[in-house]
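The values are calculated or read from the model by the stated rules, or taken from the named source; none is laboratory data. Computed from a predicted structure; not experimentally measured. No Cβ is skipped: glycine too gets one built from the backbone with ideal geometry, and neighbour counts run over all protein chains shown.
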Amino acid sequence: MNSSFSRGNMLLATSAITCMAAASPALAQERAFDIPAQSASTAVPALARQANVQVFAARKYTRGKRTNAVRGQMNVDQALTQLLKGTGLAARATGAQTYTVLPLAESASAPEVAPSRLVEAAPQALASLIEPDDSSSGEIVVTASKRVEKLRDVPSAITVHDGDRLDTLGVQSVRDYATLTPGLTVQDTGTPGYGKVFIRGLTSGSLQQSATTVYYLDDVPFTASSANGGGSFIAPEPELADIDRIEVLKGPQGTLYGASSLGGVVRLISKRPDPTAFSGSARAELTQVDGGGTGYMANVSLNIPLVTDRLAVRATGFYRRSPGYVDNLGTGTKNVNDSVSKGARLAIGWTPTDRLTIDVVGMIQNIDTDGLALEDQVPGTLTPLYGTRKYSNFFDAPTNIRYRLASVTGKYDVGIGEVIATGAYLESSLHIDTDVTSTYAPFFPTFGLFGYVYPPGTGVAVSSTIPQKKTTAELRFVSNRLGPVEFIAGGFYTKERATIPTDVVARDMATNTQLPGPLGFILRAPVKDRYEEISAFGNLTFYLTDDLDVTGGLRYADYKEDFTLAYGGIYYDAFFGGAPPPVEFDGSNDHLTYLATLRWRPTSTLSTFLRAASSFRPGGPQPAVILPPGAQTQIDPDTVWNYEAGIKADLLNRKLSIQASVFHIDWRDIQLYTIVQQQQLLANAGKARVRGFELQVDARPTPLLSIGANVGHTDARITEVDPGVTAVIGAADGDPIPQTPRWTASATADQLIPLGEDLQAQVGATIRLQGSKYTSFPGSISSPNIKLPGITTVDLRAGLTYRRYQLQLRAENIFNERGVISYTPNMPSQAYLIRPRSLILSLSSNF
């Protein structure tokens, strides 16, 4: 017998032996079935629920398959045979109440299992129970804790969005799934890929430079760790085509995911190549925005086995033109915020032996947006200055985003566990131009006194680029359960390089071309940043009993950062007699993060936990050329401790699932801007606390009806700040942290309606609610505090499915809510808007 077979699976195997030896007559009894034709991934668990049996089927087998309708009185064997007829799949009984779905050829060639050999057969027959991509048994399986576990058993708050479900709901962007996730907030600009993402209110406002939430693409960290790498401004927007699931891990994840995971981690998990069968999918969409433009999208995914059961390639290509809905009066451009996202992903999966798997992935994506989704406001108000969805800039303020990723992951089963090694190289960049004429044009007369005379019709723009080159490697060992213990131990390395040019440039407003010579550069502030980190981590779980266990975890990180800061432009020539020489800074630090959990599972469908965890965000050298006495030369890490209690339960034969958690977070040594001798500098200058709860409910009262709902409450407040911080950003003890709504909620409902043997209809709705929030701190002078009203949107959808083809019509934001998602207090002030009412027609097929 395989020595890697865990104690829990041994119990399953023993149970299966007993069931086989004394075959139950229950399976021969006839039952009433009512299962419409649908995808195999949903039909198999539906049959299992109606038959009150367990049916295990790996998603690699059910993906892309369409099953037949099953209606009427019959026994379980007959129902499964009818369901799977023509799919290339078959079900084999592996116990009195247990079936396993396998490819027809594999099932037919598999020898009959005698009771005496069932101990050896059970691990293979039940292997799908522990596969990361298995959901056909009705269980949601995740790898959030870097081992394969049922969602219910993970002692942490996690929201999981299934890829097929995302397609049904029409989810296309980070904002779309953030509004379906309690605790996850996006402060965006209506521009793909540009904005702040944070969890459980852990943000310090508009001046925050580094991220508090980490993004992962599969096993590859995307977010910059460096304090000066600009990670706070990146809201990663990989195309969601061919996504298996999204896992949102809430609360600090420092021991397993490292630096900057103060609020949590967002993981985008893509579908793995399947060497057992050819499959594919295609989707096309047409979008019309009320009062805006027209857009379209197309994507295709192909899974091609090259060597059966050993080698496969999975290729995805996509092109999306998102319609604009805002007009720039300054240039006369209508629907200026339209965008184009295009790219491809190629994955190769190789299983050279039964113990070894190797995955090679490459991704390329370009996102180009012509303008921002903003509306000019009367200063300090939410009153449109020029009318609804209109602003006036002398140019269209484009943004350009580039993603380039290559990774290799190897997994080797050593019997008592698995060795996993991942190496990756990522290049990403965000370029944005912003009109700041109202800020800098008043300086033109002063510049003229020093001989720098600007002609009439001169505008000013900030042209900035946030690039990143990130190399990462991780090696870890994930043990099976070995008696009363199981553990994870590993090491991690990352090296980041960024050359960040930020230029304030003068341009001819008529042509948007930069003025020649010295007049062209008002201010230059290029930064070269280099960050390197090495860390070691480990978690150990000790089972006091099979139902009660404790886990402890540690991570030690040692990092260093150095960067070069330089200034230039006529601003320094005029006021300081020339630019100061470039200055090089360097700094290093180390940090320990901790994890402790207590988990109690009184039944197989109920799990409770207590969790205490910490994380940190790296500090670094003070980013200033001139430091007055008393200023911090090195910024220390800020840290969080999260204390949490939660419960997860599957009730009513898994027709109802509940997740609930309550938490308290202490945030210390917050990196904030303060005043030191009339100079604005960064410092560890504040504390905050966050309290809240999250509740998620999923229900399937009938095989044809699914309902989901969630609610989140986040009370995030400053508890202590230095006086200098109050002078800069207006924060004081007791102030709410900006951009954080106290309440969020959403609900979805979808009903299947059988219309015939191969035809069914689907209708559904989504409602999203986001409470009011503040744009800044109450005492802020430079950024006056505005209370943004809550946002409520309603989406409706209806569709038809005929065999492999699906036609869907969606109406999003049907009440045309004018939602303001972000706000800047420029002259004039600017509000960033959600998309107005939109109609989307989509046609898709799985094959």
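Note on the stretch 809-829: residues that are surrounded by 21 or more Cβ atoms within 10 Å (Cβ to Cβ) and either over 24 Å from the mean Cα position of the chain (by Cα) or in the same structural domain as Leu169 (by TED's automatic domain parsing) (or both) amount to 1.
Screening the stretch 338-363 for residues that are in contact with a Lys or Arg (Cβ under 6 Å, 6 or more places away or on another chain) and hydrophobic (A, V, I, L, M, F, W, C) and picking the one that is farthest from Leu311 (Cα to Cα) gives Val340. Among residues of the stretch 364-384 that are in contact (Cβ under 8 Å) with a residue 12 or more places away in the chain, those with a beta-carbon under 8 Å from a residue that is among the basic types (Lys, Arg) and assigned to a loop (DSSP other than H, G, I, E, B) at least six positions away or on a different chain give the pairs Ala373/Arg835; Glu375/Arg389. Report yes if some residue within the stretch 667-680 is surrounded by fewer than 21 Cβ atoms within 10 Å (Cβ to Cβ) and within 27 Å of the chain's Cα centre (by Cα); otherwise report no. Within the stretch 667-680, one or more residues are surrounded by fewer than 21 Cβ atoms within 10 Å (Cβ to Cβ) and within 27 Å of the chain's Cα centre (by Cα).
In the set (1) out of contact with any Ser or Thr (no Cβ under 9 Å at 6 or more places or on another chain); (2) surrounded by fewer than 16 Cβ atoms within 10 Å (Cβ to Cβ); (3) at pLDDT 95 or above; (4) of a type outside the set (S, T, N, Q), the condition left unmet by Val478 is number (2). Leu102: at pLDDT 80 or above, touching a strand residue (DSSP E or B) at 6+ places or on another chain (Cβ under 8 Å), of a type in the set (A, V, I, L, M, F, W, C) and part of a helix (DSSP H, G or I), yes or no? It is false that Leu102 is at pLDDT 80 or above, touching a strand residue (DSSP E or B) at 6+ places or on another chain (Cβ under 8 Å), of a type in the set (A, V, I, L, M, F, W, C) and part of a helix (DSSP H, G or I). Among the numbered conditions (1) farther than 27 Å from Val820 by Cβ; (2) buried (at least 20 other Cβ atoms within 10 Å of the Cβ); (3) among the aliphatic types (A, V, I, L, M); (4) touching a residue at least 60 places away in the same chain (Cβ under 8 Å), the only one that Ala685 does not meet is (4). Considering every residue within the stretch 424-447, establish whether at least one is under 30 Å from Arg481 (Cβ atoms) and not β-branched (Val, Ile, Thr). Looking for residues that are under 30 Å from Arg481 (Cβ atoms) and not β-branched (Val, Ile, Thr), one finds at least one in the stretch 424-447, hence yes. I'd like to check something: does the stretch 390-404 contain any residue that is among the hydrophobic types (A, V, I, L, M, F, W, C), within 27 Å of the chain's Cα centre (by Cα), closer than 30 Å to Lys495 by Cα and not assigned by TED's automatic domain parsing to the domain that holds Ala241? Yes, because at least one residue in the stretch 390-404 is among the hydrophobic types (A, V, I, L, M, F, W, C), within 27 Å of the chain's Cα centre (by Cα), closer than 30 Å to Lys495 by Cα and not assigned by TED's automatic domain parsing to the domain that holds Ala241. Each residue in the stretch 660-700 was checked for being at pLDDT 95 or above and not in a strand (DSSP E or B), and 2 of them qualify. Of all residues in the stretch 241-260, one or more are among the hydroxyl-bearing types (Ser, Thr, Tyr), in the same structural domain as Ala178 (by TED's automatic domain parsing) and touching a Lys or Arg at 6+ places or on another chain (Cβ under 8 Å).
Residue-wise test of (1) modelled with pLDDT under 95; (2) surrounded by 23 or more Cβ atoms within 10 Å (Cβ to Cβ).
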site: Gly231; (1), (2): yes, yes
site: Ile234; (1), (2): yes, yes
site: Ala241; (1), (2): yes, yes
site: Lys250; (1), (2): no, yes
site: Thr255; (1), (2): no, yes
site: Ala277; (1), (2): yes, no
site: Gly280; (1), (2): yes, no
site: Thr287; (1), (2): no, yes
site: Asp290; (1), (2): no, no
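Note on the stretch 536-554: residues that are in a strand (DSSP E or B) and loosely packed, with under 15 Cβ neighbours inside 10 Å amount to 3. Just one of the listed residues (Ala731, Ala745) is out of contact with any His (no Cβ under 8 Å at 6 or more places or on another chain), of a type in the set (A, V, I, L, M) and surrounded by 21 or more Cβ atoms within 10 Å (Cβ to Cβ), and it is Ala731. Among the residues of the stretch 569-591, is there at least one that is aliphatic (A, V, I, L, M) and at pLDDT 95 or above? No, that holds for no residue.
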